[in-house]
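The structure appears right after this line, and notes come after that.
The values are calculated or read from the model by the stated rules, or taken from the named source; none is laboratory data. Bear in mind that the values here come from a model prediction, so they are computed numbers and not experimental data. FYI the Cβ positions are ideal-geometry reconstructions off the backbone, even for glycines, and counts take in every protein chain you see.
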Ligand code: HEC
């Protein structure tokens with residue numbers, strides 16, 4: 001308190017440090033309070049600081065205005081959801097989730113994938129669908145009639161998810177993704193072949 005009282009009592013008393021820098025500078029007012037013996041002058045905030053501060057205020061107003069539903073713009077959330085919708089529209093989810101029809105169709109031209117698919121078919125599918133896809137308990141897979149869709153995406157979905165109520169098991173969990181894709185491609189490749197003992201057509205005629 002002694003220092004501040006001194007300053008008040010004698011406001012014109014020059015500060016040694018300031019005098020050294022600029023002897024002519026008018027005296028700034030020394031503020032009344034003392035923090036741990038430290039006093040400060042009543043200087044204005046520097047202009048650059050005030051300008052920056054004003055800019056942040058202007059920015060915050062514009063920012064709030066652009067946030068839906070408070071403001072005028074759609075806002076970031078609506079923006080984000082719009083982008084997600086656009087992305088989803090441009091990249092439709094593949095039937096069954098795991099592989100796109102393009103990927104599966106590409107396997108149709110891949111002899112090694114088809115032979116892997118045939119192995120899987122012989123081990124897991126032939127017991128119900130016949131060794132050449134003619135059908136036993138399960139329907140004929142070589143004809144043009146399909147219960148659950150004959151395009152490769154639908155076949156993938158049926159094989160992955162199964163039709164449990166009708167006795168077709170889901171294979172998504174028991175086959176590895178590449179095995180699943182290969183066996184789907186193999187089934188699709190049976191289209192138009194003539195099994196030795198074909199079961200009567202079931203389902204809808206699917207024309208390519
Ligand atoms: C336990 C017997 C069984 C096994 C094993 C089986 N399926 Fe099936 N599958 C069926 C039955 C039954 C259906 C007919 C489902 C219905 O009526 O909706 C079917 C339907 C299908 C269909 C749809 C046919 C259509 O007309 O839409 C495909 C494709 C298929 N199975 C592929 C496979 C593949 C590939 C495998 C081996 C990974 C396999 N199935 C193993 C019994 C089986």
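Test residue 141 against the criterion of being free of Cβ contacts under 8 Å to residues at least 60 places away in the same chain, within 20 Å of residue 98 (Cβ to Cβ) and near the ligand (Cβ under 7 Å from one of its atoms), and give yes or no. Quick ask: steps written out before the conclusion?
Details: free of Cβ contacts under 8 Å to residues at least 60 places away in the same chain: yes; within 20 Å of residue 98 (Cβ to Cβ): yes; near the ligand (Cβ under 7 Å from one of its atoms): yes.
For residue 141, the condition - free of Cβ contacts under 8 Å to residues at least 60 places away in the same chain, within 20 Å of residue 98 (Cβ to Cβ) and near the ligand (Cβ under 7 Å from one of its atoms) - is met.
Is it the case that region 107-130 has a residue that's in contact with a helix residue (DSSP H, G or I) (Cβ under 8 Å, 6 or more places away or on another chain), within 15 Å of the ligand (Cβ to nearest atom), modelled with pLDDT of 90 or more and assigned to a loop (DSSP other than H, G, I, E, B)? Yes; the residues of region 107-130 include at least one that is in contact with a helix residue (DSSP H, G or I) (Cβ under 8 Å, 6 or more places away or on another chain), within 15 Å of the ligand (Cβ to nearest atom), modelled with pLDDT of 90 or more and assigned to a loop (DSSP other than H, G, I, E, B). Among the residues of region 159-182, those that are in contact (Cβ under 8 Å) with a residue 24 or more places away in the chain, near the ligand (Cβ under 9 Å from one of its atoms) and in a helix (DSSP H, G or I) comprise 159, 179, 180.
Go through region 197-208 and give me each residue that's more than 10 Å from the ligand (Cβ to nearest atom) and either at pLDDT below 90 or outside any loop (DSSP other than H, G, I, E, B) (or both).
Answer for region 197-208, where residues must be more than 10 Å from the ligand (Cβ to nearest atom) and either at pLDDT below 90 or outside any loop (DSSP other than H, G, I, E, B) (or both): 197, 205, 207, 208.
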